[in-house]
Amino acid sequence: MVSRIIPVEPFDLVIFGGTGDLTRRKILPALFRRFCAGQVPVGTRIIGAARSDHDTAGYRALVAGAIREFSDPQPCDDDQLEKFLNCLDYVALDAKGDRGWADLAAKISGDRVRAFYFSVGPGLFGALAQRIQSNGLANAATRIVVEKPFGHDLESARALNQALAAHFDEGQIYRIDHYLGKETVQNLMAVRFGNMLFEPLWNSQYVDHIQITVAETVGVGGRGGYYDRAGAMRDMMQNHLMQLLCLIAMEPPAKFDPDCVRDEKLKVIRALDPVEPHHIVRGQYLARGGAEIEHPSYREAVGDPRSSTESYIALKAHISNWRWAGTPFYLRTGKRLVARSSVINVIFKDAPHSIFGPEAGQHANILSIRLQPNEGITLSVTIKEPGQGGMRLMEVPLDMSFAEALGSDGQAAPDAYERLIMDVIRGNQTLFMRGDEVEAAWAWTDPVIAGWQARGEVPKPYDSGSTGPGDADQLMARDKREWRGIKP
Ligand code: BG6
């Protein structure tokens, strides 16, 4: 399979936070890989901007180090790297002062696409947006790219939207949720709207329930300060899981175009019911037990022995609309779990009547969409158990691993950041969150958090390397259901 490369014209990309962690780990390696794929044309200017002083050579050396360190698993081609580094430049700049803005203005010119990537904390979004305008840096083809966290709650998200809207139109603002850039997340839409097979059954008449699991093996790492103020609800549920829920539950958009898709996602968020307190389970990981402690506990990792922030959350959500009334959505995400596994399971209802009698057994069809790792789709189907003795039924998987089915001709699929950055350059907002979507997601999230704070609830401890707190299994068991999906 040879991937189709859509060429773009040379562009200018300014990365504020040009020496930061996200820039080094994700943004620059992503740009380098697109450069190697022939998508970043000669003449493109990539300008890092940050507070620290570097000359161009020093910045290029820093970038080369980052690309060598984080370009795995692709081997780094030294010739290509040399050429890529020639596109790079640097400006020492104060986001909230005057230093550096004239230098930056001198480095960009013309009517080519100008993208400004705010790889900085949200506290600087407003100042940067204002200075881009007041220093005359914006042209007609200017876009700004902002990262999550997009606010801490509805009020702060609104304030950020207003700060950006004071200087840029919504059509110029690209809010990244990197889950939307993942190949298989887009495949959700291809599976739903490119096949006749599933959509007629995609409703509460045929679907018993839907499970969305995003399990991670990593802990909070060096991000304890941020994470302890956020927790799994704000860090993952409000954005990544919410986006998956939208793509699974939305009505078919009339076209695959930014506003058609985002209008449909927004309707899903607005149709979400408030979550019942007894439909929420929060957890916090313990150290890996026994003598061989491999990881610190959550509280040790964040340096607060009394922290009541959750590193795990499971909840049952309801979407009150014609399609989904009566079909629950179970969502869970957590850190330090037994395996890294992001999967969506659509569990269909049992056949209304078994002609084979109760002793034959009955199995529901399940469509599993594996987002990572081992991306693919499995549909479980009921067949006759082989053998002579009467009719007994069993479940077998119709399994499609995308890697096997699609081959790879040595090229890995672009990662989320590669795809999203190139979409910014092409001016395609379909895979970016609109301001009203983010606000609606916070409007649903805030009362959930306010509720457990008012009730003074503390998260349930769970062992590192487990599937999460036992209460999450109870949440399912009460409904005579069970979780599927995290496999060691
Ligand atoms: C980030 C969260 O947005 O997504 C992290 O802040 C999380 O806490 C990460 O680990 C997960 O992303 P991925 O692509 O590794 O599933």
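The values are calculated or read from the model by the stated rules, or taken from the named source; none is laboratory data. These numbers were taken from a predicted model, which means no experiment stands behind them. Don't worry about glycine lacking a Cβ; one is built from the backbone with ideal geometry, like all the others, and counts go over all protein chains shown. To get the accessible areas, we keep the full protein, side chains included, count just its heavy atoms, and leave off ligands, DNA and RNA. Shrake-Rupley method; radii C 1.70, N 1.55, O 1.52, S 1.80 Å.
Which semi-axes, in whole Å and largest first, does the equivalent ellipsoid of the chain have when worked out from the alpha carbon gyration tensor as the square roots of 5 times its eigenvalues?
In descending order the semi-axes read 41, 26, 23 Å.
What fraction of the Cα pairs in segment 349-488, stated in percent, has a spacing above 21 angstrom?
Here the tail beyond 21 Å accounts for 72 percent of pairs.
Both radii are taken from the alpha-carbon atoms of segment 14-97; with Rh as the Kirkwood radius, Rg/Rh is 0.95. For the listed peptides 207-214, 224-231, 273-280, 297-304, a ranking on the average number of other beta carbons within 10 Å per residue, highest first, reads 207-214, 297-304, 224-231, 273-280.
Atom-type composition of the exposed protein surface of the chain places 52 percent of the accessible area on carbon and sulfur (1.4 angstrom probe). For a modelled paramagnetic label at residue 276, 7 Å from Cα along Cα-to-Cβ, the residues of segment 298-337 in reach, with backbone nitrogen under 18 Å, are 314-321, 324-332.
Assigning unit charges at the beta carbon (Lys, Arg +1; Asp, Glu -1) and nothing else, what dipole magnitude in debye, to the nearest 20, does the chain show about its Cα centre?
Rounded to the nearest 20 debye, it is 340 debye.
For residue 135 and residue 340, the difference between the fully extended length at 0.36 nm per residue and the C-alpha to C-alpha distance is 69.3 nm. Here is how the number arises for the chain: DSSP H runs of 4 or more residues each give -39500 (n - 2.57), the sum is divided by the residue count, and the result at 222 nm is -9500 deg cm²/dmol.
Give me the dipole magnitude in Debye, nearest 20, for segment 268-325 about the Cα centre, with unit charges on the beta carbon: positive for Lys and Arg, negative for Asp and Glu.
Around 280 debye, computed over segment 268-325.
The residue 391 and residue 206 beta-carbon pair, evaluated with R₀ = 25 Å, returns a calculated FRET efficiency of approximately 0.55.
Over the chain, accessible surface divided per residue gives 45 Å², non-protein components excluded, 1.4 Å probe. Solvent-accessible surface (1.4 Å probe) assigned to residue 457 amounts to roughly 70 Å².
Of the chymotrypsin sites (Phe, Trp or Tyr not before Pro) in segment 302-361, the ones in a loop by DSSP (not H, G, I, E or B) with at most 11 other beta carbons within 10 Å are 322.
Shape index of segment 294-411: Rg/Rh, with Rg the Cα radius of gyration and Rh the Kirkwood radius from the inverse mean 1/r over Cα pairs, equals 1.11. For the pair residue 197 and residue 70, a Förster radius of 45 Å applied to the C-beta separation gives a FRET efficiency near 0.70, rounded to the nearest 0.05.
State which entries of 148/182; 26/148; 265/480; 265/335; 267/480 exceed 19 angstrom in Cα-Cα distance in the structure shown. Among 148/182; 26/148; 265/480; 265/335; 267/480, the Cα-Cα distance tops 19 Å for 265/480; 265/335; 267/480.
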